[in-house]
1. If we only count helices (runs of 4 or more DSSP H) wholly inside region 40-154, which ones have 2 or more residues that are closer than 30 Å to L25 by Cα and modelled with pLDDT of 90 or more?
2. Restricting the search to region 240-254, which residues are surrounded by fewer than 18 Cβ atoms within 10 Å (Cβ to Cβ), touching a residue at least 12 places away in the same chain (Cβ under 8 Å) and in a loop (DSSP other than H, G, I, E, B)?
3. Given the residues A174, A145, A126, A170, which is the only one that is without any contact (Cβ under 8 Å) to a residue 60 or more places away in the chain and either buried (at least 19 other Cβ atoms within 10 Å of the Cβ) or farther than 27 Å from D205 by Cβ (or both)?
4. Does T295 count as more than 26 Å from S114 (Cβ to Cβ), touching a residue at least 40 places away in the same chain (Cβ under 8 Å) and not small (G, A, S)?
5. Among V347, V331, V320, which is the only one that is surrounded by fewer than 21 Cβ atoms within 10 Å (Cβ to Cβ), within 17 Å of the chain's Cα centre (by Cα) and touching a residue at least 60 places away in the same chain (Cβ under 8 Å)?
6. What is the number of the single condition among (1) in contact with a Lys or Arg (Cβ under 7 Å, 6 or more places away or on another chain); (2) at pLDDT below 80 that S181 does not meet?
7. Return the residue satisfying two criteria in turn: it lies in region 262-282 and is surrounded by fewer than 18 Cβ atoms within 10 Å (Cβ to Cβ) and out of contact with any helix residue (DSSP H, G or I) (no Cβ under 8 Å at 6 or more places or on another chain), and of such residues it is nearest to Q230 (Cα to Cα).
8. Just name the residue that is nearest to I229 (Cα to Cα) out of those in region 308-365 that are aromatic (F, W, Y) and in a helix (DSSP H, G or I).
Amino acid sequence: MQVSLAKRLTRAIMDPLDGWLLALLAGVFVLSMIALFSASNQSWAKIDNKLVYTALSLLIMWLLARLSPQTVMHLALPLYVAGVLLLVGVELFGITVNGSTRWLNVGIARIQPSEIMKIALPMMLAWYFQKYETTLNWRHYVVAAVLIVIPGLLILKQPDLGTATLVMGAGFFALFFAGLSWKIIIGGGVAFLASLPVVWNLMHDYQRKRVLTLIDPMEDPLGAGYHIIQSMIAIGSGGVWGKGWLAGSQTHLDYIPERTTDFIFAVYSEEFGLVGNLLLLALYLGIISRCLLITARAPTLYGRLLAGAITLSFFVYVFVNMGMVAGILPVVGVPLPFMSYGGTATVSLAIGLGMLMGIGKLQRR
């Protein structure tokens, strides 16, 4: 009787979740705890904090996976409107830290509204295209583009180029899965390349410096180029097998900056080498492949657009972080999903994957 009850309880808990996706995420989590323990100089406080946020993220993921996509869809419009209003609030009453105004004090806590838009924007676009599924024409794509540009410009004004890229990228992915013509995509790409001189003049000084540093980090090795140089040294010195756990010299001699957050991949690479990197890449590719499979099998347009946008946004997170740490992309402050220390990004990613699991649960049934 007790065994049967335990089985039913386990089945009830696991039923909303995607087993393959959960197992792959667990693999990344284990590697993240190993890397964080070393990167934080064996700080149990940071380990405990990450455990708390991971547990919270799992709970949120489970709750959202239990909800039907149709139920979640009704939250799209109010969440998008609330997110835009909060971004306007940041512009008017925001808190400035290190020259960037990205946070808003709402009394009980300090929030970063741009994180909300990472989820709210693809939800909004998926809802919008689902609503006009039978009558889609070019006007709907224009309206969708406006819906993307509004929060994108507000986030760029903070300024926060990294988050703005992720938010607008998520919106573009929704347009792509909605059937945006390749002619428009290629034309937009050509127009963007042609506008680069204008974009360069509109960029802030620190953003221009990041691009120039990417081209030649040795021009300012102790200033703007320091992050890239030290992270590349750490990755290269790891070799094939790595220096061993807790044995990374770049890490423990404090050469790697932001080593628990944006540059945790450099710490991991130094200590576990190419073999460890291949294992981590295999886990990420497994997650992305599973998410794409759920996207392809989604029974509704809303589910397909939302799942596709979440999946490709996850891919961009991984690609941009690893690219900037390896020195092939500018440093833009994008965390490595479920590896970097930090609760806000972990929770926002868990929200997206929870909704994606809900879409997967619907197709299974």
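The values are calculated or read from the model by the stated rules, or taken from the named source; none is laboratory data. Please read these numbers as outputs of a predicted model, since none were measured by experiment. Note that we place each Cβ from the backbone using ideal geometry, even for glycine, and neighbour counts take in every protein chain shown.
1. Details: elements: 44-66, 69-73, 76-93, 113-131.
Where helices (runs of 4 or more DSSP H) fall fully within region 40-154 and carry at least 2 residues being closer than 30 Å to L25 by Cα and modelled with pLDDT of 90 or more, they are 44-66, 76-93, 113-131.
2. Pass one, region 240-254, residues surrounded by fewer than 18 Cβ atoms within 10 Å (Cβ to Cβ): 240-241, 244-247, 249, 253-254.
Filter once more, keeping what is touching a residue at least 12 places away in the same chain (Cβ under 8 Å): 240-241, 244-247, 249.
Scanning region 240-254 gives V240, W241, G244, W245, L246, A247.
3. Working: A174 fails: without any contact (Cβ under 8 Å) to a residue 60 or more places away in the chain; A126 fails: without any contact (Cβ under 8 Å) to a residue 60 or more places away in the chain; A170 fails: without any contact (Cβ under 8 Å) to a residue 60 or more places away in the chain.
Within the list A174, A145, A126, A170, the selection yields A145.
4. Working: more than 26 Å from S114 (Cβ to Cβ): no; touching a residue at least 40 places away in the same chain (Cβ under 8 Å): yes; not small (G, A, S): yes.
In short, no.
5. Numbers: V331 fails: surrounded by fewer than 21 Cβ atoms within 10 Å (Cβ to Cβ); V320 fails: surrounded by fewer than 21 Cβ atoms within 10 Å (Cβ to Cβ).
Checking each option against the conditions leaves just V347.
6. Going through (1) in contact with a Lys or Arg (Cβ under 7 Å, 6 or more places away or on another chain); (2) at pLDDT below 80 one by one, S181 breaks only (1).
7. By that ranking, first place goes to L274.
8. Taking region 308-365 as the starting set, the residues that turn out to be aromatic (F, W, Y) are 314-315, 317, 319, 338, 341.
Right, trim to in a helix (DSSP H, G or I) and you get 314-315, 317, 319.
Numbers: F314: 26, F315: 25, Y317: 21, F319: 19 Å.
Looking at the filtered set, the residue picked out is F319.
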